[in-house]
1. When you scan region 195-228, how many residues do you find that are over 19 Å from the mean Cα position of the chain (by Cα) and either aliphatic (A, V, I, L, M) or buried (at least 20 other Cβ atoms within 10 Å of the Cβ) (or both)?
2. Of these, ASN54, ASN13, which one is more than 25 Å from ILE148 (Cα to Cα) and in contact with a helix residue (DSSP H, G or I) (Cβ under 7 Å, 6 or more places away or on another chain)?
3. Looking only at region 133-160, which residues are over 16 Å from LYS113 (Cα atoms), among the small types (Gly, Ala, Ser) and touching a Ser or Thr at 6+ places or on another chain (Cβ under 9 Å)?
4. Could you pull out the residue among GLU154, GLU158, GLU130 that is within 20 Å of HIS104 (Cα to Cα) and at pLDDT 95 or above?
5. Kindly state which helices (runs of 4 or more DSSP H) lie completely within region 180-237 and contain at least 3 residues that are closer than 14 Å to VAL6 by Cα and within 15 Å of the ligand (Cβ to nearest atom).
6. Examine region 128-150 for a residue that is among the charged types (D, E, K, R) and under 16 Å from GLY231 (Cα atoms), and state whether such a residue exists.
7. Confirm whether ILE173 is modelled with pLDDT under 95 and either among the aromatic types (Phe, Trp, Tyr) or closer than 25 Å to ALA64 by Cα (or both).
8. So which residues in region 63-85 are under 18 Å from VAL40 (Cβ atoms) and either within 16 Å of the ligand (Cβ to nearest atom) or among the polar types (S, T, N, Q) (or both), if there are any at all?
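The values are calculated or read from the model by the stated rules, or taken from the named source; none is laboratory data. Quick caveat: nothing in here was measured; it's all calculated off a predicted structure. For neighbour counting, all protein chains shown are included, and Cβ atoms are generated from backbone atoms with ideal geometry for every residue, glycine included.
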Amino acid sequence: MRKKIVAGNWKMNKTLQEGLKFSNDLKEALKGKTVNCEVVVGTPFIHLSEVAKNFEGTVVHVAAQNIANKEKGAYTGEVSAAMVASTGANHVILGHSERRAYYHETAELLTEKVELALANDLTPIFCVGEVLEEREAGKHFDVVAAQIKDALFELSKEDFSKLIVAYEPVWAIGTGKTATADQAQEIHAFIRKTIADKYGEEVADNTSILYGGSCNAGNAKELFSNPDVDGGLIGGASLEADSFLPIIEAFN
Ligand code: PEP
């Protein structure tokens, strides 16, 4: 049975001290609570080690938001998958629309990153999603299918089975505009079918597909109640324990 997951993405927010305060706050807030999903917190690189240490022995996992597409060597400023894994983090967000748009990440580059993540036992949270013009032109199914096929379909069945997919319509990220529950279900079911056509029903049924885009305490329960929505990738609302906790509790 696939996992239910609520993952946060801090993006480029929080000093180290603010990050540690968040982890203390969330740990405290989760004490004695029933948690019915896996929880992941995606921090900037510099927080990973301390935040991972702080969450040790809890239900919370830690994710990086990127890794290099090279194993190691003379790549000034880059951070490798092995380095991320050595901090205690065990997930990595890859293919986020901000990295595709601002850092020109291509399918080819993302394939390299996914392969390095898997080789270092990091679980990729692989993001896909269309921009507004593509949605309005009715091209969102084609766009999302191409993002998945171009970057991921060279993977073996075994490797693909280790991925988490996040559908994040770019028009809903940080805009306060959320996909309706029906829109989310429709495209999540389509993503699952795309996976099934390539890797079979069993792999598709076991792949967690998260929704991302202005998901918050007010809409999480409705979005997550869809059969093909297995949780969320949360930006703005993951920045404070008070706003993140109710999204985790949407599965209770
Ligand atoms: C994101 O960037 O992954 C995201 C979902 O952001 P927000 O929740 O702020 O829309």
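1. Residues flagged as over 19 Å from the mean Cα position of the chain (by Cα) and either aliphatic (A, V, I, L, M) or buried (at least 20 other Cβ atoms within 10 Å of the Cβ) (or both) within region 195-228 amount to 2.
2. After applying the criteria, what remains is ASN54.
3. Within region 133-160, the first condition is being over 16 Å from LYS113 (Cα atoms), and the residues that meet it are 133-146, 157-158.
The next check asks that each one be among the small types (Gly, Ala, Ser); those that pass are 137-138, 145-146.
If the condition is that a residue be over 16 Å from LYS113 (Cα atoms), among the small types (Gly, Ala, Ser) and touching a Ser or Thr at 6+ places or on another chain (Cβ under 9 Å), then ALA145 is the only one that fits.
4. Checking each option against the conditions leaves just GLU130.
5. Numbers: elements: 181-199, 201-206, 220-224.
Because the criterion is at least 3 residues that are closer than 14 Å to VAL6 by Cα and within 15 Å of the ligand (Cβ to nearest atom), the helices (runs of 4 or more DSSP H) in region 180-237 that meet it are 220-224.
6. Here is the first cut: in region 128-150, the residues among the charged types (D, E, K, R) are 130, 133-136, 139, 142, 149-150.
Next, from what is left, pick out any that are under 16 Å from GLY231 (Cα atoms): none.
No, there is no match, as no residue in region 128-150 is among the charged types (D, E, K, R) and under 16 Å from GLY231 (Cα atoms).
7. yes
8. Within region 63-85, ALA63, ALA64, GLN65, ASN66 qualify.
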